[in-house]
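A.B. asks: Before we start, here is the structure in question, set down as structure tokens.
Derivation of every value follows stated rules applied to the coordinates shown; laboratory data play no part. This one's a predicted model, so the numbers in the text were calculated from it and none came from an experiment. Glycine gets a Cβ as well: all are built from the backbone with ideal geometry, and neighbour counts include every protein chain shown.
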Amino acid sequence: MNASAGAGTWKLGDLEVNRIGYGAMRLTGNGMRGNSDGAPIDRDVAVGLLHSAFEQGVDHIDTAAFYFSPLRSANELINRALSSWSGEVVVVTKVGPGRDPSGEWLGIVRPDQLRGQVEENLRQLGRDCLDVVNLRVGGPRTGSIAEHFGALAELREAGLIRHLGLSAVLPEHLAEAQEIAPVCCVQNSYGLDWRHADENGLVDLCGEQGIAFVPFFAVAGLRREAAAGQERDERVRAVARAHDATPAQVRLAWTLHRGPHVLAIPGTTNPAHLAENIAAGSLRLTQGDLTLLDAPDEDAG
């Protein structure tokens, strides 16, 4: 069953994928901040969830070596799932920030430390070559990324990486990187409530260059890593009622409507939410829906 095909496909370099993927950040609980409360996710349950995603047509996963909680690693769980899966799945990981084994953030590593991060991902994922590696810049950083991206370009030439991308960047970073090596995707925070990538032209710039634009927090919005809460935006609720859809589906559909080069990587550990997220690729918003969603929401707090 290829429910994910409803949104169409796009290419990450030479790798064609369905536009609806899966983000692994929540797979260990909360992969950015740790999950020290409660029992760790059952490994078999996690593998079953990933297999369910694959069965529904998800063929690309977003992950990182720094997505881990005290007893679980997203990469480890993905490795287990892929080792017992016969289909092709593109794995997109990211490097740049680091965490020590206790989970403390180390900040952005030096260019000469990126090889170690790439090798860490290779070991954890059980791969000899990574499909896509994004250099995550993050924060308000506006300086040059040439040294860091150049180091990854060298690892690409060495055969450890197939394609390169960027994460949490500005348009000038994309231009700088393109002078060094091809960029297949840009991954930034983007959604109905946070449209900075529209304001600085990055979404359209990627479309003009045939580069995949991959929003994160497209559903969570300003809640970022926090678990999804009750939808407070009446615009979203109204469109959801009109289509007999969930608010999360409306938010994903709005994001995908921005262009055929825009992908989605919603993450969840709930099988029902997984199916809903994938089905959002088939939700077609009307021009009236889009006009309403783009109007100010006086009730949103």
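A.B. asks: Using a simple charge model, +1 on the beta-carbon of Lys and Arg, -1 on the beta-carbon of Asp and Glu, nothing else, what dipole does the stretch 9-293 show about its Cα centre, in debye to the nearest 20?
C.D. replies: Once rounded to the nearest 20, the dipole reads 540 debye.
A.B. asks: What relative contact order, as a whole-number percentage, does the chain give when Cα pairs under 8 Å and 6 or more residues apart are counted?
C.D. replies: 19 percent
A.B. asks: Quick one: 3J(HN,Hα) in Hz for the stretch 16-24, Karplus 6.51/-1.76/1.60 with θ = phi - 60°, rounded, Gly and Pro as x.
C.D. replies: 7, 9, 5, 5, 8, x, 9, x, 8
A.B. asks: Right, next: Could you put 22, 190 in order, starting from the residue whose Cβ has the fewest other Cβ atoms within 10 Å?
C.D. replies: 190, 22
A.B. asks: Could you pull out every residue, at least 5 positions away or on a different chain, whose amide H is within less than 5 Å of the one on residue 262? Hs are placed 1.01 Å off N in the peptide plane, and Pro or chain starts have none.
C.D. replies: Here 213 satisfy the definition.
A.B. asks: Using the number of other C-beta atoms within 10 angstrom as an exposure proxy, rank 278, 108, 211 with the fewest first.
C.D. replies: Result, fewest neighbours first: 108, 211, 278.
A.B. asks: Given the C-alpha centroids of the stretch 59-73 and the stretch 164-184, what is the distance between them in whole angstrom?
C.D. replies: Cα centroid to Cα centroid, the span is 23 Å.
A.B. asks: Sorted from fewest to most neighbouring beta carbons within 10 Å, what does the list 42, 131 look like?
C.D. replies: Ranking 42, 131 by Cβ neighbours within 10 Å, fewest first, gives 42, 131.
A.B. asks: Just to confirm the filter: which trypsin sites (Lys or Arg not before Pro) across the stretch 129-173 are DSSP coil and have at most 15 other Cβ within 10 angstrom of their Cβ?
C.D. replies: 141
A.B. asks: If a/c stays under 1.5 just call it rounded; otherwise compare a/b with b/c (prolate if a/b is bigger, oblate if not). Do that for the stretch 227-268, with a ≥ b ≥ c from the square roots of the Cα gyration tensor eigenvalues.
C.D. replies: oblate
A.B. asks: Pull up the DSSP beta bridges for the chain and report the antiparallel fraction as a percent, rounded to 5.
C.D. replies: In the chain, DSSP labels about 30 percent of beta bridges as antiparallel.
A.B. asks: Treat each spin label as a single point 7 Å out from the Cα along the C-beta direction, and report the residue 157 to residue 284 distance in nm.
C.D. replies: 4.8 nm
A.B. asks: Charges on Cβ only, +1 for Lys and Arg, -1 for Asp and Glu, centred on the Cα centroid of the chain; of 13, 97, 206, which one is farthest towards the dipole's positive end?
C.D. replies: Going by the charge dipole, the pick is 97.
A.B. asks: What spacing in nm lies between the two simple spin-label points modelled at residue 172 and residue 238, each 7 Å away from Cα in the Cβ direction?
C.D. replies: 4.0 nm
A.B. asks: Please identify the DSSP H helices in the chain that span no less than 20 Å along the helix axis (Cα) and have a mean Kyte-Doolittle hydropathy of -0.5 or more.
C.D. replies: Span-like helices, by this rule, are absent here.
A.B. asks: Label points 7 Å out from Cα along the Cβ direction at residue 128 and residue 16: separation in nm?
C.D. replies: Those two pseudo-labels are separated by 2.6 nm.
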